[in-house]
1. Report, ordered by the first and then the second residue, all pairs with beta carbons closer than 7 Å, sequence separation of six or more or different chains, a first member in the range 162-174 that is farther than 8 Å from Tyr216 by Cα, and a second member that is of a type in the set (Asp, Glu) and surrounded by fewer than 22 Cβ atoms within 10 Å (Cβ to Cβ).
2. State whether one or more residues within the range 55-71 are touching a helix residue (DSSP H, G or I) at 6+ places or on another chain (Cβ under 8 Å), in a loop (DSSP other than H, G, I, E, B), free of Cβ contacts under 8 Å to residues at least 60 places away in the same chain and closer than 19 Å to Cys159 by Cβ.
3. Please work out which residue is surrounded by the fewest Cβ atoms within 10 Å (Cβ to Cβ), limiting yourself to the range 24-41 and to residues that are in contact (Cβ under 8 Å) with a residue 40 or more places away in the chain and touching a helix residue (DSSP H, G or I) at 6+ places or on another chain (Cβ under 7 Å).
4. Please give the strands (runs of 3 or more DSSP E) falling wholly within the range 112-165 in which 3 or more residues are modelled with pLDDT under 85.
5. Would you confirm whether any residue within the range 175-196 is part of a strand (DSSP E or B), at pLDDT below 90, closer than 24 Å to Leu4 by Cβ and aromatic (Phe, Trp, Tyr)?
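The values are calculated or read from the model by the stated rules, or taken from the named source; none is laboratory data. Everything quoted here is computed from the prediction, not taken from an experiment. We place every Cβ from the backbone using ideal geometry, glycine too, and count neighbours over all the protein chains shown.
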Amino acid sequence: MRILVVEDDRDVAEYVRRQLVEEGHTVTVCHDGAAGLRAAELSAFDIILLDVMLPFMDGLEVTRRLRREHVRTPILLLTARDAPDEIVRGLDAGADDYLTKPFSFEVLLARIRARTRASAANEPALRFADLVLDTEKHEAWRGKRQLSLTRTEFSILECLLRSAGRVVARDCLIETVWGERDITHNNLEVFIRFLRSKVDTAGESKLIHTERGIGYCLRSGAL
């Protein structure tokens with residue numbers, strides 16, 4: 001899974017990051033609320049682990065803003081405060097779950113599995129415009145035309161679809177699709193070119209767009 005960890009305690013953040021990576025997940029870490037908000041806006045994640053007490057912008061405000069922007073990624077709040085009214089405030093802000101510190105890593109993993117399992121069950125197919133990606137059957141369609149995609153192309157398109165309308169940074173796309181492998185921006189550009197040739201054919205509106213110096217996004221465009 002692609003997991004965003006927003007935690008200002010660098011020791012805690014590194015511990016959680018290291019443990020999650022050992023479980024096979026791809027992890028992005030931010031150390032303040034503003035950076036965490038921007039990361040969640042620009043890239044697609046399967047779940048966000050969000051500390052409540054953060055510099056610049058607290059976790060509750062980050063949650064409110066993401067929900068106002070219709071970002072539906074599951075949010076698990078992490079905090080040392082366990083008073084009932086604090087928990088209510090977090091859930092009312094739009095969070096999906098609440099875990100108090102200190103916590104067992106096994107419990108954290110169980111909470112992550114529970115929240116992402118529910119999310120995945122509700123979204124077997126990803127859609128944008130006339131583009132459909134069936135993550136269970138591993139099939140992709142543009143209207144009535146089935147797309148013949150390689151496994152890598154499918155993964156890139158899935159990442160773009162999960163963040164449709166928002167820019168996915170090149171480094172985040174590389175980390176999500178390839179993990180620890182040494183892939184350059186030029187390599188990624190080649191894969192995008194092949195993917196675009198299959199998705200955006202002549203006579204169809206352009207869906208895959210390049211944001212120069214930043215990354216790529218799916219949005220409706222001209223022919």
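1. Here the result reads Arg166/Glu41, each pair linking the range 162-174 to a residue that is of a type in the set (Asp, Glu) and surrounded by fewer than 22 Cβ atoms within 10 Å (Cβ to Cβ).
2. Filtering the range 55-71 down to residues touching a helix residue (DSSP H, G or I) at 6+ places or on another chain (Cβ under 8 Å) leaves 55-67, 69, 71.
Narrowing further to those that are in a loop (DSSP other than H, G, I, E, B): 55-58, 69, 71.
From what's left, free of Cβ contacts under 8 Å to residues at least 60 places away in the same chain: 55-58, 69, 71.
From the residues that got through so far, the ones that are closer than 19 Å to Cys159 by Cβ too are 69, 71.
Scanning the range 55-71 turns up at least one residue that is touching a helix residue (DSSP H, G or I) at 6+ places or on another chain (Cβ under 8 Å), in a loop (DSSP other than H, G, I, E, B), free of Cβ contacts under 8 Å to residues at least 60 places away in the same chain and closer than 19 Å to Cys159 by Cβ.
3. Step by step, filter the range 24-41, then rank; the result is Thr26.
4. On the way: elements: 125-128, 131-134, 139-142, 145-147.
Result: 125-128.
5. First, the residues of the range 175-196 that are part of a strand (DSSP E or B): none.
Taking every residue of the range 175-196 in turn, none turns out to be part of a strand (DSSP E or B), at pLDDT below 90, closer than 24 Å to Leu4 by Cβ and aromatic (Phe, Trp, Tyr).
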